[in-house]
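The values are calculated or read from the model by the stated rules, or taken from the named source; none is laboratory data. Remember, predicted model here, so these are calculated numbers, not experimental data. For neighbour counting, all protein chains shown are included, and Cβ atoms are generated from backbone atoms with ideal geometry for every residue, glycine included. Only protein heavy atoms, including side chains, enter the accessible area calculation; ligands, DNA and RNA are left aside. Shrake-Rupley method; radii C 1.70, N 1.55, O 1.52, S 1.80 Å.
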Amino acid sequence: MDLQTLCNQAAACHQQGQLAQAERLYLQVLQADRRNFFAYHMLGILRSQQGRHGEALELIGAALKVSPSSPEAISNYGNVLTILGRDQDALAAFDRALTIGPQYAETLTNRSNILLKLKRPQEALAGYHAALRIKPNLLEALVGSTNALRQLKRFDEALENCDKAILIKPDSVEALNNRGAVLSALRRFDEARACYDKALAMRPNSASVLVNRGSTLLALKQPQEALANLEKALSIEPNDPEALSNRGIALSQLRRFDEALASYAKSLAIDPGLVEALSNRGHTLRDMHRPYEALASYEEVLAIDPNYGKALATLSDAANAALNLCDWPRAEKFGKEIKLRVAKYGLIVAPLVTLFYDWDPKSQAKCAEAYIREMVAAPQPIWNGTIRRHGKIRIAYMSSDFRPHPITSVVAELFELHDRSRFEILGISLGEEDGSEMKARIAQSVDRFVDVHSLSDRSAAELLHKLEVDILVDLNGHTRGARPEILSHRAVPVQVNYMGYPGTLGADFIDYIIADGTVLPLDLQPFYREKIVHLPDTFWVCDTKRTIGKVPSRVEARLPARGFVFCCFNNNRKITREMFDVWMQLLVAVPDSVLWLKKSSDAAVANLQREAEARQVSASRLVFAEDVPTDVHLARHGLADLFLDTLPYNAHATACDALWAGLPVITSLGQSFPGRVAASQLRAAGLPELVTRNLEEYEALALRLAQDPPLLASYKARLSRRPLTAALFDSDLFRQNIEAAYLQMWAIAQRGEAARGFTVKINPNEEPLQTFTHVS
């Protein structure tokens with residue numbers, strides 16, 4: 001038999017999948033002709049199909065010695081190099097092949113795949129487009145260009161590509177998988193899951209589809225089902241680092257923290273540079289109250305990929321960890337870096353962390369707006385403006401914190417007091433069931449309590465529309481557990497930012513922010529997307545049903561037997577170097593005085609003690625308060641002499657606690673909302689004299705009160721009488737004020753007018769409205 005016939009038979013067997021027979025024939029050809037290009041080339045391809053890639057490279061290399069200018073062989077040589085992880089060598093091979101034969105669409109596609117892997121999506125996209133000009137229906141090029149467009153965040157174009165690919169091959173698992181990934185990037189998670197389900201119906205053991213479906217289920221707050229998908233994927237591909245990282249997220253959401261850390265460790269053993277695994281490990285360590293280890297993970301991310309934070313806010317996570325630790329050198333370094341990158345490069349960071357730095361309102365607004373643009377999709381509104389009618393205004397308060405939490409502790413009584421002749425009150429819970437008394441109280445205080453934590457954003461929004469909610473009040477803002485995506489679906493006519501976040505959400509889909517003239521002067525309106533609504537007296541509400549327990553002894557509180565007690569029970573992350581300087585100067589000026597602080601972690605305690613010693617103040621003059629039940633916490637305020645507030649982020653719920661317990665608070669007026677809340681409370685408590693304009697006045701007033709016991713006693717006496725008369729503690733007066741705001745918001749919506757700012761003025765002779773128009 002002649003060699004050509006043998007080659008033809010070998011190729012036919014190869015094409016039919018008869019690899020052993022094809023191999024035997026190729027070897028027979030080579031035995032007869034040691035320079036047979038075809039046999040070397042095809043046997044190399046066959047060896048690669050068998051997983052013997054090193055041999056494949058040698059055989060295709062031998063073919064190229066016979067025919068160095070074969071673009072097909074050079075391209076296949078590049079394919080094997082790609083499989084072996086030699087990306088730069090593969091890229092060089094594809095470039096050489098295209099120099100000889102630029103018309104090869106497959107080679108252009110394979111080259112682009114390498115560029116995409118090397119994070120050069122713009123060049124990759126150009127290559128895919130060139131391939132598609134040669135072969136418009138080349139599925140691999142369409143799939144690849146979709147991935148490039150995803151990297152470039154051109155999601156609408158990516159979705160069009162997916163649809164073209166599915167039109168060419170409706171049963172393409174790769175195209176369906178890609179479409180799901182694009183839809184997930186667009187935060188259309190329910191549609192993404194449907195794509196993955198179709199793909200898995202055709203290929204149930206596709207590890208990549210299972211991993212992507214698991215990621216989508218995590219976004220849909222379904223960690224148990226996500227974990228099942230990820231476990232199945234890992235049974236197929238046990239060394240997939242991304243699947244292991246996502247498995248860690250699922251385990252962490254299920255609060256199986258030790259297992260989560262083990263999953264991240266395995267992921268990082270395989271791919272030490274996987275920044276997603278490092279970042280997610282940091283989040284888990286944070287939730288385990290291991291702050292320095294969390295910070296170390298975040299810093300590893302930034303060392304490997306300084307730009308990773310653009311999408312996932314690792315830099316802000318690192319800053320937040322450093323702030324919680326009172327590690328001021330690091331916190332200040334991260335703060336400067338964040339501000340620089342936001343201004344210069346458009347870095348996307350979690351807006352909350354910026355409130356702990358002394359940024360101006362314009363910079364804070366810019367950060368919030370950028371975050372919303374990047375992280376929240378702009379879906380079609382559910383509410384279409386049609387009008388329905390029913391008897392009462394339906395107000396829904398939405399929060400992830402209906403549990404023991406500072407915000408819930410202040411709004412609970414408001415929910416109970418709302419005028420049920422005018423309003424129907426709903427509680428929309430975004431948080432998991434915790435069995436707490438506080439959650440039970442909230443559930444009992446509303447007319448209807450709805451748990452949506454396991455629903456997708458779209459499904460939750462559709463439910464709000466179905467419930468015919470008129471005014472949706474978001475109590476989260478940009479705090480942890482927030483889901484602004486629900487509000488982005490615009491399911492109800494009026495949406496309000498209140499209490500949970502002291503700043504703008506930066507979103508056009510929020511109509512109003514409830515504030516007062518102290519925390520949010522009208523000249524700050526240019527920096528708020530929401531229209532500002534001013535309540536009389538204060539925007540702050542206080543729960544006056546809270547009981548104050550028996551005051552403990554100083555020994556029980558671990559306080560010295562004598563000496564003036566300054567205190568600040570704010571979260572440690574609110575304590576800045578500048579505030580601590582002032583406090584240490586006060587301890588030096590007031591002999592035997594101590595500073596009583598909240599204990600957040602042993603590491604933060606050690607840092608604060610070290611900073612005190614550096615200022616020639618004994619660490620023993622810092623006393624740290626452990627967590628105790630609320631009634632005990634309120635009672636122990638009776639052992640303190642003066643509450644010292646913080647800047648640029650004031651005491652909020654903690655200031656209200658102190659004033660309710662009869663402890664005077666001194667504050668300094670900040671330049672933005674979070675730094676003006678204590679001033680609002682003090683003015684509503686009838687103690688405006690305790691509001692200072694700068695830290696010099698603040699220090700002087702604190703020293704004066706510490707050195708003038710009769711003056712301090714007079715403020716305590718005024719506070720002891722105030723709970724019966726002060727606006728801050730008149731919950732029913734506040735209820736009337738905020739209800740008047742809701743009535744005016746609703747009247748504006750009824751008339752079909754755009755939201756506008758206003759100041760609430762209570763008219764005691766006003767007749768209650770009897771019926772209301774419901775805008776659907």
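Between R188, R179, which is of a type outside the set (S, T, Y) and without any contact (Cβ under 8 Å) to a residue 60 or more places away in the chain?
Every option except R179 fails the conditions.
Give me the residue from segment 690-730 that is touching a helix residue (DSSP H, G or I) at 6+ places or on another chain (Cβ under 8 Å) and free of Cβ contacts under 8 Å to residues at least 12 places away in the same chain and, out of that set, nearest to G675 (Cα to Cα).
Filtering segment 690-730 for residues that are touching a helix residue (DSSP H, G or I) at 6+ places or on another chain (Cβ under 8 Å) and free of Cβ contacts under 8 Å to residues at least 12 places away in the same chain, the one nearest to G675 (Cα to Cα) comes out as R704.
Conditions first: (1) of a type outside the set (S, T, N, Q); (2) under 17 Å from L149 (Cβ atoms); (3) open to solvent by less than 20 Å² (accessible area, probe 1.4 Å). K117 passes all but one, so which condition is the exception?
Unmet for K117, out of (1) of a type outside the set (S, T, N, Q); (2) under 17 Å from L149 (Cβ atoms); (3) open to solvent by less than 20 Å² (accessible area, probe 1.4 Å): (3).
Residues that are in contact with a Gly (Cβ under 9 Å, 6 or more places away or on another chain) and crowded, with 16+ Cβ neighbours inside 10 Å: which helices (runs of 4 or more DSSP H) entirely in segment 414-495 hold 1 or more of them?
In segment 414-495, 437-445, 484-488 are the helices (runs of 4 or more DSSP H) which contain 1 or more residues that are in contact with a Gly (Cβ under 9 Å, 6 or more places away or on another chain) and crowded, with 16+ Cβ neighbours inside 10 Å.
The rows are residues; the columns are (1) at pLDDT 90 or above; (2) basic (K, R); (3) within 30 Å of R187 (Cα to Cα).
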site	(1), (2), (3)
G61	yes, no, no
S75	no, no, no
Q88	yes, no, no
A97	no, no, no
L118	no, no, yes
Q151	no, no, yes
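Suppose we filter L217, L227, L251 for residues that are within 17 Å of the chain's Cα centre (by Cα) and over 30 Å from N570 (Cα atoms); which single one remains?
Exactly one residue qualifies, and that residue is L217.
Which one of these does E72 not meet: (1) open to solvent by less than 20 Å² (accessible area, probe 1.4 Å); (2) within 19 Å of T99 (Cβ to Cβ)?
Condition (1) is where E72 drops out.
For residues that are open to solvent by less than 70 Å² (accessible area, probe 1.4 Å) and either part of a helix (DSSP H, G or I) or out of contact with any strand residue (DSSP E or B) (no Cβ under 7 Å at 6 or more places or on another chain) (or both), tally how many sit in segment 552-569.
Summing the residues that are open to solvent by less than 70 Å² (accessible area, probe 1.4 Å) and either part of a helix (DSSP H, G or I) or out of contact with any strand residue (DSSP E or B) (no Cβ under 7 Å at 6 or more places or on another chain) (or both) in segment 552-569 gives 5.
Considering only segment 244-320, give the helices (runs of 4 or more DSSP H) lying wholly within it that have at least 2 residues that are touching a residue at least 60 places away in the same chain (Cβ under 8 Å) and farther than 24 Å from A343 by Cβ.
291-304
Just to be sure I understand, how many residues within segment 649-703 are within 26 Å of P552 (Cα to Cα) and of a type in the set (S, T, Y)?
Selection size over segment 649-703: 1.
Only one of these is open to solvent by 10 Å² or more (accessible area, probe 1.4 Å), in contact with a Leu (Cβ under 7 Å, 6 or more places away or on another chain) and more than 25 Å from Y371 (Cβ to Cβ): E337, E293, E300. Name it.
From the options E337, E293, E300, the qualifying one is E293.
Taking the stated definitions as given, is S672 surrounded by fewer than 23 Cβ atoms within 10 Å (Cβ to Cβ), out of contact with any strand residue (DSSP E or B) (no Cβ under 7 Å at 6 or more places or on another chain) and touching a residue at least 12 places away in the same chain (Cβ under 8 Å)?
Criteria not met by S672.
Among the residues in segment 727-747, are any outside any helix (DSSP H, G or I), among the β-branched types (V, I, T), closer than 30 Å to N497 by Cβ and open to solvent by less than 60 Å² (accessible area, probe 1.4 Å)?
As a first pass, look at segment 727-747 and keep what is outside any helix (DSSP H, G or I): 730.
Then drop every residue that is not among the β-branched types (V, I, T), which leaves none.
No.
Identify the residue in segment 363-394 that is outside any loop (DSSP other than H, G, I, E, B), β-branched (V, I, T) and over 26 Å from the mean Cα position of the chain (by Cα) and, among all such residues, is modelled with the lowest pLDDT.
For segment 363-394, the residue satisfying everything is I387.
Got a sec? Which of A199, A185 is small (G, A, S) and modelled with pLDDT of 95 or more?
Just one listed residue meets the conditions, A199.
Given the residues P351, P329, P291, which is the only one that is closer than 29 Å to K599 by Cβ and at pLDDT 95 or above?
Exactly one residue qualifies, and that residue is P329.
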